[in-house]
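Visitor: Sending over a structure as C-alpha cells; questions will come in a sec.
The values are calculated or read from the model by the stated rules, or taken from the named source; none is laboratory data. Worth saying up front: this structure is predicted, and the values here are computed from it rather than measured. No Cβ is skipped: glycine too gets one built from the backbone with ideal geometry, and neighbour counts run over all protein chains shown. Heavy atoms of the whole protein, side chains included, go into the accessibility calculation; ligands, DNA and RNA do not. Shrake-Rupley method; radii C 1.70, N 1.55, O 1.52, S 1.80 Å.
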Amino acid sequence: MRLSYTVDAAHDSRAIRQLAMSPLRLSVKLWKHIKWNGTILVNGKPCRDASLRVKAGDELTMLWQEASPVVPVDRPLDILYEDEAFLIVNKPAAMIIHPTHREARDTLVHAVAGYFQRRGECVGIHPLYRLDRDTTGIVILAKSAHIQHAMTQHHGQIDREYLALAQGRLDREKGCIDMPIGRDMSKANHWQVRADGKRALTEYKVIASWPAYSLLKIHLLTGRTHQIRVHLAALGHPLLGDAAYGGPCNMMQRQALHAWRVRFIHPDTGKEIRLEASLPEDMRRLILSEIVSRETSLEENEGKKAK
C-alpha cells in the first residue's frame with residue numbers, strides 16, 4: 001500500500017508522527033505497523049526518524065505491505081463495485097462475514113481472499129460493518145486499514161437503507177423507533193430493548209402492506225447489533241422468518257432483511273458512491289417487484305424536483 005502527502009503551510013514544521021495522526025488520519029495500529037514494518041520516504045529518501053520535522057512543500061510517502069491471513073476459498077461473489085480502495089459485494093443468505101473459529105472456510109472474507117488470490121492482488125480485507133448470517137445485501141470491504149479507519153470514525157459516514165418484511169400491519173405509515181438496546185443476558189447472542197442499553201434509532205417507512213405482513217424501507221441512524229430485528233420485535237412486528245425474535249417462519253426460512261442501498265463519499269476522490277442490490281428471490285416472491293421499482297422512481301423524481 002502507498003500513501004502520499006504534500007505538506008501544506010498549515011502543517012509546516014510538524015513531526016512525521018504528528019502528521020500520521022492529522023491530517024493523514026492513520027489509526028494508531030496502522031501507524032505503528034508502518035513505523036516498524038513499512039517504509040517512510042521524505043522527498044523520495046528513506047527516513048527512520050519519526051520525530052523529523054518536515055517543511056511545507058515536502059513530499060511524505062508511506063509504504064507498507066497489507067495482506068489478509070485468511071485462507072483463500074474459491075467461492076463466487078456478486079460484485080457490485082470495485083476500485084483501488086473498495087470491494088463492494090451483494091452477500092447471500094447463510095454466510096457470515098468473519099470466521100468464528102479457526103477451521104471455518106465458508107465466510108465472506110474467505111471468498112474475498114480467494115477472489116484477490118485469483119487476481120494476484122495482495123491487499124487487506126476489512127469489512128466496514130457486519131450483516132447477520134441470514135441477512136442479505138450490500139457489504140463494503142476496504143482494501144487497506146487506512147481506508148477502513150477513515151470510513152469508520154462516524155456511523156453517519158455510510159448511509160444505509162434496508163428492505164424488510166415485518167409481520168402484520170404497522171399502525172403508522174412511517175416513524176422513528178427510539179429504544180435503547182442491550183444484551184439479553186438470558187440468551188446467547190441475543191439482544192433486547194432495555195433501559196440500560198445504548199441508544200438506538202431506526203427510521204422506517206411502510207412501502208406496501210398485505211393481510212399478514214408489510215414491506216418496510218428502513219434507514220439506520222445508529223448501528224447496534226440486531227438493531228432492526230430487535231426494534232421491530234419490540235413493536236410487535238417481528239421480521240418474517242426471524243425465529244430468534246418471535247417472527248413467523250411459515251413464509252420465510254430466514255429473517256426477511258436485505259441491505260438494499262448504500263451511499264457514501266469516497267475518501268480518495270470526494271465523489272458520492274451510490275449502490276443498490278436487487279432483492280433475493282425468497283423476498284421477491286412475497287411482494288410485487290414493481291413496488292420496489294416504483295419506490296426507486298419516486299425517490300429519483302423527488303431528488304430532481306429538489307434540485
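Visitor: Would you be able to say whether some residue in region 119-129 is open to solvent by 40 Å² or more (accessible area, probe 1.4 Å) and in contact (Cβ under 8 Å) with a residue 60 or more places away in the chain?
Guide: no
Visitor: May I pose another question? Please find, among 156, 137, the residue that is closer than 21 Å to residue 230 by Cα, in a helix (DSSP H, G or I) and either under 21 Å from the mean Cα position of the chain (by Cα) or of a type in the set (D, E, K, R) (or both).
Guide: 156
Visitor: Can you work out which of the residues in region 177-192 that are part of a strand (DSSP E or B) and open to solvent by 70 Å² or more (accessible area, probe 1.4 Å) is modelled with the lowest pLDDT?
Guide: 183
Visitor: Out of the residues in region 253-264 meeting the condition of being of a type outside the set (Lys, Arg) and modelled with pLDDT of 95 or more, tell me which one is surrounded by the fewest Cβ atoms within 10 Å (Cβ to Cβ).
Guide: 264
Visitor: From 19, 41, 77, 108, which residue is free of Cβ contacts under 8 Å to residues at least 60 places away in the same chain, in contact with a Cys (Cβ under 7 Å, 6 or more places away or on another chain) and of a type in the set (A, V, I, L, M, F, W, C)?
Guide: One residue alone meets the criteria, 41.
Visitor: Separate question: Just one of 61, 107, 136 is at pLDDT 95 or above and among the polar types (S, T, N, Q); which is it?
Guide: 136
Visitor: Let me ask something else. Go through region 63-97 and give me each residue that's assigned to a strand (DSSP E or B) and open to solvent by less than 30 Å² (accessible area, probe 1.4 Å).
Guide: Of everything in region 63-97, those that are assigned to a strand (DSSP E or B) and open to solvent by less than 30 Å² (accessible area, probe 1.4 Å) turn out to be 86, 87, 88, 89, 90, 91.
Visitor: So, one more: Mind counting the residues in region 47-58 that are assigned to a loop (DSSP other than H, G, I, E, B), open to solvent by 60 Å² or more (accessible area, probe 1.4 Å), modelled with pLDDT of 90 or more and of a type outside the set (Asp, Glu)?
Guide: Of the residues in region 47-58, 2 are assigned to a loop (DSSP other than H, G, I, E, B), open to solvent by 60 Å² or more (accessible area, probe 1.4 Å), modelled with pLDDT of 90 or more and of a type outside the set (Asp, Glu).
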